[in-house]
Amino acid sequence: MKSRLLFALLMVVVLVLSACQPAATTPTSQPPAPQTGETEPPAEAEPPAETEPEEVTSEEPVELIIWNTWADHHVASFQELLDEFNAAHENITVIQQAQPLTDYEGKLMQAVRQGAGPDLVNTFPTVAANYIDEGMIVNLTPYIDDPEIGIPGFRDSIAEGVYQDITQWDGNVYMIPMFTGGEVFYYNQTLFEELDVEVPTTWAELEETGRIITEATGRPAFGFDNEIDGFQVLIMQNGSGYINPETLTVEYNTETAVEQLEWFCGMIDEGVFRLVGEDVYFSSPFGSQAVASYIGSAAGYGFVQSAVDGQFEFNVAPIPQGGSNEYISNWGGGWIIFTTTEAKQRAAFEFIKFMSSPEVLARWGAAFGGVPAYQAAIDQPVFQEFMATNPAIQAQTEQIHRVGSLSAIPGSAAIRTVIGRAVTSACTGQLTPEEALQRAEEEGNLELQAANP
């Protein structure tokens, strides 16, 4: 799952999350059991009280542990920022501990439950949702609003879709975003110019352009690097539901969703589009000119460069839009702080403030290859210089105002797998799109019921 997985590997992988939200799967471009035995239903949890952080007067040193699953060069870049923060805060020491990606989320949950986990991590809403009901992560709203240590103008500093993502549970903020943005459109610029076709900005234009390309080349014109994210994009742009957090049911088996899946599978049947299939990622087929364009992760730009290897000119654009809503995926995630002591929580918030400050976040975005969630960081010279060298990051930046939000509740990560099966079965002729989504609705509801007993 190149799109979601690459950004996620880069983000906590920049996780899985993937994606996952990731992730949040988060993508590399090559480049988540029902409780039993209760005789009575558990009492409904009361929402966390919105109290101001208590004043911390202790000058005792505080040590914070961060877990991540990043690649070595990202670990090295992050350490430079840690050293800078530690030098400026004599009573706070932040230490990063690299973790293996395999079963990371399971190990994280176990460690946190045992009181042996990190103090904060960078992750996705689908992961944060597993901790909120039990009060295991900190409600950050009182810290953000605090007149002494808060973040003035926080609400207005990020896109609406990003804010919805981090406040979707009860209106409070439970994670501070660092990066944002989703998929981008890679295309063979040389071929597009030879055939005198425009870069599509709508799905109707993509269909028209695709037919011209396939007729001229005899090869597919387009594919989604990850059909799960592709399906989500199509249905959300056209006003479909996804997950209802109140009823704990899925809402993607709609007439609109069926129509979108029929369209996508129909274009595959005609040979104009294709599934990624055994190639796993589209960068290699794109580089060999087996496909003329695809939608994938901006973090995969380097892989595309390597695959193309100067054989032709390629470029990157925002993804097509269509329907009633502008929408792209949000693979950014953010920092969550685990509930410990007030001293540690306050220190962790200070660290997050440091990381989200415009100049620091701009440097981190350039080193990590991510688009900051804050315009003030995007506008920094260091990020502008980086963006000028990377068309994928530029295309992603141009569309971050379209970032959308998907419901993240326990079990929502498993819905991605359900959707993936539905798209594959429909587009390979095993089921009709209507049958595939009917089955996906049944399987999705079972997943949500099992995860929310």
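The values are calculated or read from the model by the stated rules, or taken from the named source; none is laboratory data. Keep in mind the model is a prediction, meaning the values are calculated, not measured. Reconstructed Cβ throughout: ideal geometry from the backbone, glycine too, with neighbour counts over all protein chains shown.
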Close pairs from the range 130-157: first over 19 Å from Thr339 (Cβ atoms), partner surrounded by 14 or more Cβ atoms within 10 Å (Cβ to Cβ), Cβ under 6 Å, at least 6 apart: Gly150/Ile144; Ile151/Ile144; Phe154/Ile144; Ser157/Tyr374
Could you check, for the range 175-189, whether at least one of its residues is of a type outside the set (Asp, Glu) and assigned to a helix (DSSP H, G or I)? yes
Being assigned by TED's automatic domain parsing to the domain that holds Ser425 and assigned to a loop (DSSP other than H, G, I, E, B) narrows it down to one of Gly266, Gly271, so name that one. Gly271
Could you tell me which of the residues Ser283, Ser288 is surrounded by 20 or more Cβ atoms within 10 Å (Cβ to Cβ) and polar (S, T, N, Q)? Ser283
Going through Thr202, Thr249 one at a time, which residue ends up being within 30 Å of Ile132 (Cα to Cα), at pLDDT 95 or above and surrounded by fewer than 21 Cβ atoms within 10 Å (Cβ to Cβ)? Thr249
Search result, residues across the range 109-141 that are of a type outside the set (Gly, Ala, Ser) and closer than 18 Å to Thr180 by Cα: Val121, Asn122, Thr123, Phe124, Pro125, Thr126, Val127
How about the range 81-102: which of its residues are under 25 Å from the mean Cα position of the chain (by Cα) and not in a strand (DSSP E or B)? Leu81, Leu82, Gln99, Pro100, Leu101, Thr102
Glu205, sole failed condition from (1) under 22 Å from the mean Cα position of the chain (by Cα); (2) within 22 Å of Gly182 (Cβ to Cβ): (1)
Looking across the range 190-210 at residues that are of a type in the set (D, E, K, R) and assigned to a helix (DSSP H, G or I), the single one that is nearest to Glu259 (Cα to Cα) is Glu207
Of the residues in the range 143-172, those that are of a type in the set (Val, Ile, Thr), buried (at least 17 other Cβ atoms within 10 Å of the Cβ) and part of a loop (DSSP other than H, G, I, E, B) come to Ile151, Ile158
List pairs: first in the range 373-389 and of a type in the set (Val, Ile, Thr), second outside any helix (DSSP H, G or I), Cβ under 8 Å, 6+ apart or cross-chain? Ile378/Val371; Ile378/Pro372
Conditions: (1) surrounded by 19 or more Cβ atoms within 10 Å (Cβ to Cβ); (2) at pLDDT 95 or above. Glu105 meets all but one. Number of the miss? (2)
Met175 is checked against (1) crowded, with 23+ Cβ neighbours inside 10 Å; (2) not assigned by TED's automatic domain parsing to the domain that holds Asn390 and fails just one. What number does that condition carry? (2)
Restricting the range 115-133 to residues that are surrounded by 13 or more Cβ atoms within 10 Å (Cβ to Cβ) and of a type in the set (A, V, I, L, M, F, W, C), the residue that is farthest from Phe368 (Cα to Cα): Ile132
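With respect to Ala257, determine if the residue is out of contact with any strand residue (DSSP E or B) (no Cβ under 9 Å at 6 or more places or on another chain), closer than 30 Å to Ile132 by Cβ and assigned by TED's automatic domain parsing to the domain that holds Glu205.
On the way: out of contact with any strand residue (DSSP E or B) (no Cβ under 9 Å at 6 or more places or on another chain): yes; closer than 30 Å to Ile132 by Cβ: yes; assigned by TED's automatic domain parsing to the domain that holds Glu205: no.
Answer is no for this residue.
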Confirm whether Val112 is in a helix (DSSP H, G or I), buried (at least 16 other Cβ atoms within 10 Å of the Cβ) and under 24 Å from the mean Cα position of the chain (by Cα). yes
Subset of the range 214-229 [out of contact with any helix residue (DSSP H, G or I) (no Cβ under 7 Å at 6 or more places or on another chain) and either surrounded by fewer than 24 Cβ atoms within 10 Å (Cβ to Cβ) or at pLDDT below 95 (or both)]: Thr214, Glu215, Ala216, Thr217, Gly218, Arg219
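Among the helices (runs of 4 or more DSSP H) lying completely within the range 274-392, list those that include at least 2 residues that are farther than 24 Å from Ala159 by Cα and not assigned by TED's automatic domain parsing to the domain that holds Ala129. It would help to see each step written out before you state the result.
Working: elements: 283-287, 301-308, 342-356, 358-368, 375-378, 381-388.
Answer list for the range 274-392: 283-287, 301-308.
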